[in-house]
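Q: Can you keep this structure in mind? I'll have questions shortly.
The values are calculated or read from the model by the stated rules, or taken from the named source; none is laboratory data. Remember, it's a predicted structure, so these values are computed and weren't measured experimentally. Cβ placement follows ideal geometry from the backbone for every residue including glycine, while neighbour counts extend to all protein chains displayed.
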Amino acid sequence: MPTEPPAPTKYAGARAGLEGLLAAETTGLGPEPQKIKTLTADEVSGLDALELAPKREKGRLGLRLWNSAWPKLLAIAIVVLAWELVYLAEWKPAYVFPSPTDVFATLKDLVTTVDFWDGVRLTMTRAITGFALAVAIGTVVGAAVSRFAPLRAAIGSLITGLQTMPSIMWFPLAILLFQLGEQAIMFVVVIGAAPSVANGLISGIDYVPRTWLRVGQVMGMKGFSRYRHLILPASLPSFVSGLKQGWAFSWRSLMAGELLVIVPGTISVGVRMQNARDLSDTPLVISYILVVLVIGILIDQLFNAADNALRKRWGLTGS
Amino acid sequence: MSILETTSVRTESVVRIENVSKTYGSGGNALLALDRVSLDVQQGEFVCLLGASGCGKSTLLSLVAGLDGISSGTLDTGGRKVALMFQEAALFPWLSVIGNVELPLRLQGVGKAERRKRALELLEVVRLSGFADKRPHELSGGMRQRVALARALAQNADVLLMDEPFGALDAMTRDILHDELERIWREQNLTVLFVTHNVREAVRLGDRVILLSSRPGRVIEDFPIKHPRPRRIDSPEVSGQAGEITDRLRAEVARHAN
């Protein structure tokens with residue numbers, strides 16, 4: 001079947017003309033050409049205006065914040081309430097399972113000490129250094145693997161394998177290699193995060209749409225300019241997902257590292273938590289858990305913000 | 001009708017395709033996509049390639065664009081530059097509308113101020129100068145195709161290859177884009193090789209409509225379209241000739257029954 005759309009019924013004259021012409025088996029001898037009116041600029045821009053979706057009203061900032069905040073606040077309230085009930089039921093002795101009020105009091109005391117913030121600073125410095133190192137290594141490895149087929153055959157599946165490896169498995173080796181030092185922690189953080197970063201970049205490069213590649217080729221993009229103007233920007237969303245996942249892995253590895261590898265003279269968040277456990281100070285242990293949780297959520301929010309900004313720019317959001 | 005008869009007169013040919021064949025794969029699995037296709041496109045001509053599925057019309061465009069190599073025959077564009085447009089606008093989402101139009105200029109090494117000026121002129125040509133700083137996803141499908149056209153023009157190519165560029169658009173938008181393309185083709189003195197499976201569209205736009213057979217693609221007939229421009233897709237002349245070509249196309253499609 002021809003794929004041409006059926007003749008519009010609107011133009012009865014045209015149809016009649018067509019039928020008449022077909023019957024006579026002649027062409028070009030139809031009725032005199034009608035006066036042809038072509039579209040004006042106004043008609044073009046009128047249609048453009050109609051086709052553009054009207055701007056959505058975003059609402060007041062305060063209202064939007066409240067709309068996203070109240071479910072979270074409610075969830076926290078429910079958890080705290082359940083916790084309090086378990087405490088009141090005396091499931092465990094109070095010194096093992098403290099009440100929320102005890103913990104929040106401890107937490108409040110904790111965050112007002114200078115020592116605590118020194119510990120957080122040390123831990124965050126390690127986290128950021130380790131993550132930055134993992135990003136650098138992951139990017140180089142990812143770019144190399146996607147560029148050279150033999151390299152991909154050689155280590156492509158190894159990268160995915162490393163990604164699924166629990167980071168704690170590396171610590172015995174790391175301690176033997178680097179003793180109880182910063183390098184041992186860095187080693188595990190990097191080996192935990194770099195594969196995710198590399199994989200994000202590799203899949204980003206692999207899934208650059210074919211039409212874009214053809215457009216680039218017709219424009220004459222080659223070698224470096226092809227990477228600069230096409231491959232790298234096109235793989236950005238996948239790369240950002242890789243970064244986000246890499247961060248999660250490096251943060252987990254770091255916390256495991258700080259609990260296992262106690263570098264003499266450093267009092268990181270992990271070391272403090274371990275000390276609190278040694279002193280059977282449950283409220284303090286729970287306080288540190290909350291601190292690590294909050295830091296994790298905050299950083300995740302940063303990645304989400306970056307991801308959302310990118311998606312919005314690219315029009316990948318379902319709006 | 002011989003191809004040579006229709007093209008022997010006047011002006012220089014911009015694209016010369018002589019006995020071009022294209023085979024995919026090899027041995028027992030080899031698929032002959034194009035079989036000894038010959039076609040000459042003159043400077044300033046608007047040529048439509050028409051055929052049913054599997055006639056290799058898109059393959060032929062890829063060959064002319066240099067995206068793929070021919071298996072035998074001669075294909076000569078005389079070193080001319082070509083630009084290619086697809087059914088999807090394929091604009092880059094990390095660039096603004098004007099950034100997309102500027103990109104080919106940037107690759108040609110045009111300076112910053114100069115390429116912005118030129119890109120704005122081109123957006124003016126496709127009547128989108130008010131949308132320079134929008135993102136591609138903020139535009140409608142028809143507007144995106146016009147940006148893609150501006151980007152193709154920015155490549156400063158001698159030949160514009162279009163692969164069903166309006167296939168995904170609604171009828172009203174398509175009508176408008178026909179008018180716009182015809183206007184720009186005339187103003188910019190372009191040479192266009194336009195692939196479609198829509199007979200009326202081909203007759204509406206083309207100076208010539210080349211009908212291709214399917215599996216393998218061969219030139220069946222070369223229809224000159226003499227109706228005065230500007231044309232309307234619903235005019236009796238266009239409909240009439242479209243009817244004639246449709247009959248020929250149907251006969252070709254029926255050949256593939258069983």
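Q: Restricting to region B:223-258, and then to whatever is touching a Lys or Arg at 6+ places or on another chain (Cβ under 6 Å) and either of a type in the set (D, E, K, R) or part of a strand (DSSP E or B) (or both), can you tell me which residue is farthest from the other protein chains (Cβ to nearest Cβ)?
A: Step one: filter region B:223-258 for residues touching a Lys or Arg at 6+ places or on another chain (Cβ under 6 Å), giving B:224, B:231, B:233, B:238, B:242.
Subset that is either of a type in the set (D, E, K, R) or part of a strand (DSSP E or B) (or both): B:224, B:231.
Numbers: B:Pro224: 10, B:Arg231: 7 Å.
Applying the filter and picking the extreme gives B:Pro224.
Q: Here's a follow-up. Please enumerate the residues belonging to region B:155-166 that are in a loop (DSSP other than H, G, I, E, B), at the interface with chain A (Cβ under 10 Å from one of its Cβ atoms) and of a type in the set (A, V, I, L, M, F, W, C).
A: B:Ala157
Q: Still on this model: Which of the following residues is surrounded by 20 or more Cβ atoms within 10 Å (Cβ to Cβ) and assigned to a helix (DSSP H, G or I): A:Val120, A:Val189?
A: Numbers: A:Val120 fails: surrounded by 20 or more Cβ atoms within 10 Å (Cβ to Cβ).
It is A:Val189.
Q: Follow-up question, since we're still on this one. Looking at region B:86-137, which of its residues are of a type in the set (D, E, K, R) and over 22 Å from A:Lys222 (Cα atoms)? Walk me through it before giving the result.
A: Let us first name the residues in region B:86-137 that are of a type in the set (D, E, K, R), namely B:88, B:102, B:106, B:112, B:114-118, B:121, B:124, B:127, B:133-135.
Across region B:86-137, the qualifying residues are B:Glu88, B:Glu114, B:Arg116, B:Lys117, B:Arg118, B:Glu121, B:Glu124, B:Arg127, B:Asp133, B:Lys134, B:Arg135.
Q: Taking the residues in region A:192-229 that are under 20 Å from the mean Cα position of the chain (by Cα) and among the hydroxyl-bearing types (Ser, Thr, Tyr) as candidates, determine which candidate is surrounded by the most Cβ atoms within 10 Å (Cβ to Cβ).
A: Residue satisfying both the conditions and the ranking: A:Ser196.
Q: I've got another one for you. What's the number of the only condition in (1) at pLDDT below 80; (2) touching a Lys or Arg at 6+ places or on another chain (Cβ under 7 Å) that B:Leu67 fails to meet?
A: (1)
Matching residues to (1) away from chain B (no Cβ under 11 Å); (2) under 28 Å from A:Ala144 (Cβ atoms); (3) assigned to a helix (DSSP H, G or I):
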position	(1), (2), (3)
A:Ser225	no, yes, yes
A:Arg228	no, yes, yes
A:Trp247	yes, yes, yes
A:Trp251	yes, yes, yes
A:Glu258	yes, no, yes
A:Met273	yes, no, yes
A:Asn308	yes, no, yes
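Q: Which condition does B:Leu123 not pass, out of (1) within 12 Å of another protein chain (Cβ to nearest Cβ); (2) out of contact with any strand residue (DSSP E or B) (no Cβ under 8 Å at 6 or more places or on another chain), if it passes all the others?
A: Here B:Leu123 meets the rest and fails (1).
Q: If the Cβ limit is 7 Å and pairs must be 6+ apart or interchain, which residue in region A:197-220 that is closer than 13 Å to A:Pro233 by Cβ and away from chain B (no Cβ under 14 Å) pairs with which residue that is at pLDDT 90 or above and not in a helix (DSSP H, G or I)?
A: A:Leu201/A:Ser235; A:Ile205/A:Ser235
Q: Hey, could you check region B:167-186 for residues that are in contact (Cβ under 8 Å) with a residue 40 or more places away in the chain and assigned to a loop (DSSP other than H, G, I, E, B) and say which is nearest to the other protein chains (Cβ to nearest Cβ)?
A: B:Gly167
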